[in-house]
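Comments concern the structure below.
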Amino acid sequence: MSGLPSLDSRIRGLAVRFFTRAQASSNMIVRGIGDYDAPGHPYHRIRDGVVNPRVDDGSMLMPQDSYDFPIELQCKPLALVGLTGLDIINNAIHRAIWEAFSNNIRSDRASVQFKLLDSAHEYPPVKPKRNSYDWYIPKGILKRNWMNKHLNEVPAVVVIFYELDWDDVLWNEKKIECSSRVQSVRASLEGRNTRIAVILIQQTAPLPSGEDMLAAERATALCTSCELNPKSLFVLPHGDHLLGYTLRLENAFFDLAQNYYHHEARNVRSHRDHLNKITHQYLFVRHFFKMGFLNELKQQDNNTAHKHYTQAYNHLLEIRMVDTNSLEIKTVAGFINYKLCKLMFMLTLPRDAIAQFRKHIELFKSRVGPRELAFQHSAWISKQFSVFGDIFDEAIRQGLPALQTQHPGFYYQQAAQYAVERKQTCLDLCQNVTTYPELDPLSGWEHLEFYGQRAWRPGKLSAEPPDPAKEKSGILALQYIEKFHTNHSTIIINLLGNAISQFKTYRCPRMRRHLVVQMAEEYYSSRDYTKSLTLLTHMLWDYRSERWWPLLTNILTRSLTCAYLSVNIQDYIMLSLEALGTCVQLPSEHKTRIFNNLNNVLQKCPPEPEPGLPTTELASIQDLWFTACKTEPLAITVDMSNITACVESKARFTQAQYKADQMVHIEVFIRSCCPHPMQFSKLSVTVNNPSYSSEFAVCESTAGPHPSNPLLLFEANEVKRFICQFVTDMQDVGKEIQISSILLHLGLETERYAVLRFNGTSGDSASLDVTCPELQHFRPSPQNMPDFDNIRPLGTAEIVPRDSQIEVELFHESPALLGCWYPVQVTVVNKETQRVLGLSLDVNLKTSEEDPNVEQAIFVLLPNRVCENVNGDLISLPMQLSVGDLDVDGTQTKKFYLRAHRVGTRNVIVKVTYKVLLVRNSEQFESSCLKEVTINIPVVKPFDITAKFFSLKFEPIAKAFAKEPFIVMPYVSCTSPIPLIIENSSVELCQHVSTVDSELKSQIVDLRLKSGDTGAEAFCIVVDQPSDQPVALGVYTIQWNREGSNDPVTSSSVTMPTVRVEGTPLYIEMVMPAHGWVRTPMAVSYHIRNHTSRLLDLDLNMEASDAFMFAGHKQLQLRILPESIRSLDYNLYPLLSGLVALPRLHLSVSDKSDSPIKQPQLIEILDRSLPAHVYVMPQCKGNPTSVPSRESDHQILLNLYVHTITRRRHFTPEAENFNPDISLAKCLNSFPVTLTFNNGYKGSVLQVLGTTVHWRSQGARGQGPPPSPQTSLPIFLFLIPKSVEIIHEELYK
């Protein structure tokens, strides 16, 4: 039922248009029908703080129903405070004060009602006090004006406003005038206990209490002059804080009002001692009701008010009830019960309130009163239920929880039931009433003194015999008003609307439907057939879905009658079709009449009247039908998807997929459940696709004066099968088509016809196969007919391309390397019998089910079509490659490159699409074809790049120092199963990072790495300044490719790890040869750099050594300027050969200087900056002429602290059980190894003896001297040393 309007919105719309007056409510259901206006009040009633204006419908003035609740009873009792002395018309200050009091709607304000009084206001006269009640006989229970008097007329406090400042120059005159005003108000209130207060309107704010002696003195004088209690004198400065002052004054007025109402309640209680229960039973009820009402006005004593109301109710039950006083007793009982239930809800006693109401109904349910006025008793009970529902609903909106089994909806429902009983009783009792009495017995009803009394015998006691003539006349008048001036239907519909809203809120759908049907019946009885039909059709949907066929039959019969009476042709046809079905349990003669009426309507003739209609309306209704048959449209569409009609339809495709060159077949099954033969004129099927909709005719009648088709003639319970076939549009390839609807035409187009529209995606919504499809196999079906119940509709089909004869081959070398261009070659061979047109390749990536988050965008590189070099543009998938036309047995090859950015398996789909020319029905058309190939490409990681940091002594470091060089060594570990060739490498340094060398050259160019190999290179860099955060050094980039591949070179970049850089005030650099010779002087220089901005005073001390003699300063006081260098030169004379300890240089901080460097810091700098040993070569022996030149054999002595070994293709450390201390000589002696120095020296290793390597120069020597420790690090052999020191010395043969 999608697309249908909400039922509740329709109900509300109908009610708003039908009711003559509207009332606001929280549940948006129209209320208030049946409420009557109280005399003397221009407003209907107050509910939830909304005052609803009275609507004048032009009817005669009706007396107030005795069961109606007056407005003063239902409103919240507020203490009345009168304000006098304010001229709000001429004085802006007075107007602001009045608005501050009257417009204050804050939640924390006191429960006070303000009333503006003029100076000449007259208060209600004071009733003379009674000293004794011995001879007093009351004429009624509760006076009509008493509650209104204390709520709106007699104030508890009268506040006199007067403009007077303490320092006013006319103080004495104004004091006398103020006293005169007070005395005047006191005189007008003589005999009453109303409290009087005076407020002085002043221009300046008062001083704190006790500081203004003048104000205290004059306040005392003013209170004495006015005979006023000092606590009743107030000061109101008019200024910015007026609202705050008024809030405090409200609380003060509230306290004064509390005292007043407390005193009034005590006065009423004092009268109780003079009463007796024989003649004063009415007074007991009246006085206890007054005490309860006055305690309510106190706003703080609801428990006491509840107690007094309970006593009043109990005293009322003791009164003997007869016909003459029954109405008065029930009226007052309803008032007291209302107060009791409302107070119980306020005191959070909901169970007690419900129990009290049930007790109240049980007590008065059987006390009908005069039988001639029994409808008043039903109206009174209905009002009791309705008002209690209002109280219950208000308590729920204030936070009281409710249950599904106990909520206001049940009370509104009961109120509606008694309203129906009132209507029926009125029809029974008032059927003979036609005229109103000549002498109005109800005249003067607006001036009655007591609630619930009759207008023709006011103030009469129950013991007095009534006047029979007046009684008869009065009863006749009330019956006349009830019959002709009471709209019972609106009252019932209003109450049912309230109940429906509540049952919807508490999720009681079946109860809600039951009440909606009752509301429709009430609309029917009020002759509003259109609204009744609207509600009934909504209920038909619900009862049809729940398969309550007896209820459906009943509602359908009433709906058909409403459709006839409202002359609604479309609904009449639809309901007739449903009434002829098997689910509707009507006698055969009724179905025959409905079938004949349906044919009459289709033949533009009026139908026969429905049975049971009043004869007075038949003539007018038939005239309307004659007119409608001529003016209504000829074509009427009936939606059959939501009704259980006498005609059912199912449709299905014969298969789920159709190729582009195939004919589409649709099977349509029609079953007629009508007990009479039905002739249809046309059958068609509507097919939809995402772009358009098409209608295909299946079977239609022949042309002629009386067109008919035997194929469309259905006997009772006959099932027929029809075939619809059509050619698909080439635009539908790859799309899904759907059976949208089945259109069956009933009637002739020349007269009037109904288009029965069935939903093509599913069968009848009311058929049993929706819930129990397996039970359909047990239903008998005729052997010569299709098994309609077991047909499963297939409403959608996919149009797929024709089978492709193209051969597609994909060539690629798995796996793909991460970030590397991966070539894929596609070869297409045309095996079709004709030339293919517009051949193209679509390349896309299929999402993996295991990892749906794999990126969808793989970059694609297209080579140039001419030279096939990779210099095309980068695009992202999906990608389309145009191939063009291809002859028979023709071949076309395309190549593209893919690059992935995440490790994983990629499923690449290559779709080949093209067109071929086909001939169908002597017509040539193009047909699209598709061939799809999928390849799985695993993506692996080619290598891992790490980096480590070393000092210049090749010791691992965890931190660096500003302006001190250190070594960064990247390691490239190959993880690819395919050998890689390193084409080049580079380093892009960050800001504040620089290199020691003028140019950085790659040291791993053309290096071949296989799986498990590691290549390394080193860079000596300097960081310019320290930092609190780790410093980023730069980006290391290598360019690489697969071995033997001509594909594009791949560039991979990684960010080198960060290093912590600390500042250092001093840096010491030692310059010396790589090695020395015994008894040969060697020059050594020390360069001391001051990185601070202060002068450094240092003491230098050169320690003596047994291995060297030296020339230079042994002790020296140094003064190094800021940001400057101090150089010291020494000549060392070696005395011993081998690895000899150098003389140690000591620096200390001068005691007299305030140096920025500390001694422990200075020692740490010396230890990490200066080498401790040097290799000294022995002297040559023999003839000096036989000493070989530098181009001959040489020896290099290495300090072999091996860090790690790089695998080479001819040497595997694992295979050699590598041990750095044992296998080094074996490795060097087994394989040809070349030494390469950074400054150009090259040599071939001859042999290794212990830790001595013998080598011979190769080719031209490098420029400059042999490598020094500072410039020769590192030496790239097949090993990476931890530290290397080189000594170059000529050897004797």
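The values are calculated or read from the model by the stated rules, or taken from the named source; none is laboratory data. Treat the numbers as computed from the prediction; the structure is a model and nothing was measured. Cβ coordinates were reconstructed from backbone atoms using ideal geometry, including for glycine residues, and neighbour counts include every protein chain displayed. Heavy atoms of the whole protein, side chains included, go into the accessibility calculation; ligands, DNA and RNA do not. Shrake-Rupley method; radii C 1.70, N 1.55, O 1.52, S 1.80 Å.
Okay, here's what the table says:
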read-out: Carbon and sulfur %, accessible surface of region 194-316 computed with the full protein complex present, 1.4 Å; value: 49
read-out: Distance histogram for region 887-960 (every C-alpha pair counted, 10 angstrom bins, percent rounded to whole numbers); value: 11, 23, 18, 15, 12, 8, 6, 4, 3, 0
read-out: Where N is the number of residues in region 411-500, Cα Rg divided by 2.2 N^0.38 Å; value: 1.30
read-out: Net +/- balance of residues flanking Glu163 in space, Cβ distance below 15 Å, scoring K and R +1, D and E -1; value: -1
read-out: Cα gyration tensor shape of region 974-1103, rounded if a/c is under 1.5, else prolate or oblate by comparing a/b with b/c; value: oblate
read-out: Whole-number percent relative contact order across region 1088-1168, with pairs defined as alpha carbons under 8 Å at least 6 apart; value: 37
read-out: Greater than 29 Å apart at Cα, pairs in Lys650/Lys846; Lys277/Lys365; Lys531/Lys630; Lys129/Lys174; Lys650/Lys735; Lys504/Lys650; value: Lys650/Lys846; Lys129/Lys174; Lys504/Lys650
read-out: Hydrodynamic radius of region 1029-1104 per Kirkwood, over alpha carbon pairs, in Å; value: 18.6
read-out: Whichever lysines have a C-alpha closer than 27 Å to that of Lys1010, once near sequence neighbours (fewer than 8 apart) are set aside; value: Lys941, Lys948, Lys1001, Lys1226, Lys1242, Lys1282
read-out: Counted charge near Tyr261, where neighbours are those whose Cβ lies closer than 13 Å (Asp, Glu -1; Lys, Arg +1); value: +2
read-out: Distribution of pairwise C-alpha distances over region 189-311, 10 Å bins, in %; value: 11, 30, 25, 18, 12, 4, 0
read-out: Cα Rg, Dmax (largest Cα-Cα span) when computed across region 323-387, Å; value: 12.5, 41
read-out: Charge context of Arg1168, other residues only, Cβ under 13 angstrom, K/R +1, D/E -1; value: -4
read-out: Radius of gyration, Dmax [region 499-610; alpha carbons; angstrom]; value: 14.6, 49
read-out: Using alpha carbons only: equivalent-ellipsoid semi-axes of region 240-397, gyration tensor based, whole Å; value: 33, 22, 13
read-out: Cross-link reach list, lysines versus Lys175, counting only Cα pairs under 16 Å and skipping chain neighbours closer than eight places; value: none
read-out: Stokes-Einstein translational diffusion, region 932-990 - Kirkwood Rh over all Cα pairs, 1.306 mPa s, 10 °C, in µm²/s; value: 105
read-out: Radius, Kirkwood style, for region 466-547 when every pair of distinct Cα atoms is counted (Å); value: 14.9
read-out: Whole-number D in µm²/s for region 321-442 (Stokes-Einstein; Kirkwood sum over Cα pairs; 10 °C, 1.306 mPa s); value: 101
read-out: Charge dipole (debye, nearest 20) of region 540-618; +1 at Cβ of Lys and Arg, -1 at Cβ of Asp and Glu; value: 140
read-out: D (Stokes-Einstein, µm²/s), Kirkwood Cα radius, region 603-648, 1.567 mPa s at 4 °C; value: 99
